[in-house]
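Let me begin by presenting the structure, written as structure tokens, before commenting on it.
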Amino acid sequence: MGHGAGASASTLAGDAAARPSDREPPGVDGTRFRSVLGRFATGVVAITAFEDGTDRPAGLAANSFTSVSLDPPLVAFCVAHTSTTWPRLRGAARLCVNILSEPQLEVCERLALRGGDKFAGIDWTRTPNGGPLIEGALAWIECSVEQEHVAGDHVIVVARVHDLDHHHDADPLLFYKGTYGTFT
């Protein structure tokens, strides 16, 4: 039974008492956590920018991307604390979020690697404002870091959108049950 407009304060307080907030939840096994959450299909993006003082693009792949707000226009994505690329991107005046298409699995895998020139063999151009836009991406979103929030083993990055557009028409690259592809 839900709590509609007719629910009394004592009913709501009673529910809170029935669910003590001071109890620790049971332990969650990492493998099971991934298995269960893997049943939520996500799109895949590449976060790109130019390294400080260079004209070399750098980037990382992420499947934790979402819109946050229309006014002001905000998006968010998560980056692992262990990322060696995020420290090279975070200081950029502008980031470019590239929404990857299904044929871009190799781009995703390349940007997920540690070290080396991740952009070797990746075709890219520039957004109208100069950001690194990966060829074949479905769309691009140019943004700047607004806030960062530490959350467990990741950082949640909230970014303000400055410009965006469609780029190509194709099916999206999806991540589901630990694998990539297009699912029907």
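The values are calculated or read from the model by the stated rules, or taken from the named source; none is laboratory data. Keep in mind that what you see is a predicted model, and the values were worked out from it rather than measured. Virtual Cβ from ideal backbone geometry, glycine too; neighbours counted across all protein chains shown. Surface areas here come from the heavy atoms of the whole protein model, side chains and all, with no ligands, DNA or RNA. Shrake-Rupley method; radii C 1.70, N 1.55, O 1.52, S 1.80 Å.
Residues in the stretch 137-184 that are open to solvent by 60 Å² or more (accessible area, probe 1.4 Å), assigned to a strand (DSSP E or B) and closer than 18 Å to Glu106 by Cβ: Thr179, Tyr180. Considering only the stretch 29-88, state which residues are aromatic (Phe, Trp, Tyr) and either surrounded by fewer than 17 Cβ atoms within 10 Å (Cβ to Cβ) or in contact (Cβ under 8 Å) with a residue 40 or more places away in the chain (or both). Within the stretch 29-88, Phe33, Phe40, Phe50, Phe77, Trp86 qualify.
How about the stretch 123-135: which of its residues are surrounded by 19 or more Cβ atoms within 10 Å (Cβ to Cβ) and either at pLDDT 95 or above or charged (D, E, K, R) (or both)? Across the stretch 123-135, the qualifying residues are Trp124, Pro132, Leu133, Ile134. Each residue in the stretch 98-118 was checked for being under 14 Å from Ala49 (Cα atoms) and either more than 20 Å from the chain's Cα centre (by Cα) or modelled with pLDDT under 90 (or both), and 2 pass. The strands (runs of 3 or more DSSP E) falling completely within the stretch 55-115 that include 3 or more residues that are farther than 19 Å from His154 by Cβ and touching a strand residue (DSSP E or B) at 6+ places or on another chain (Cβ under 9 Å) map to 95-99. From the list Thr11, Thr31, the one residue that fits, being of a type in the set (S, T, N, Q), assigned to a helix (DSSP H, G or I) and modelled with pLDDT of 85 or more, is Thr31. Do we have Trp124 as aromatic (Phe, Trp, Tyr), within 15 Å of Ala49 (Cα to Cα), without any contact (Cβ under 8 Å) to a residue 60 or more places away in the chain and in contact with a strand residue (DSSP E or B) (Cβ under 6 Å, 6 or more places away or on another chain) here? Here the answer is no, as Trp124 does not meet what is asked.
Scanning for something out of contact with any Gly (no Cβ under 8 Å at 6 or more places or on another chain), farther than 18 Å from Ala139 by Cα and modelled with pLDDT under 95, does the stretch 63-78 turn up at least one residue? No: the stretch 63-78 contains no residue that is out of contact with any Gly (no Cβ under 8 Å at 6 or more places or on another chain), farther than 18 Å from Ala139 by Cα and modelled with pLDDT under 95. Can you name every residue in the stretch 157-184 that is at positive phi and of a type in the set (Val, Ile, Thr)? Residues satisfying the conditions do not exist here. Do we have Ala93 as hydrophobic (A, V, I, L, M, F, W, C), at pLDDT below 95, touching a Lys or Arg at 6+ places or on another chain (Cβ under 6 Å) and more than 19 Å from Ala41 (Cβ to Cβ) here? For Ala93, the condition - hydrophobic (A, V, I, L, M, F, W, C), at pLDDT below 95, touching a Lys or Arg at 6+ places or on another chain (Cβ under 6 Å) and more than 19 Å from Ala41 (Cβ to Cβ) - is not met.
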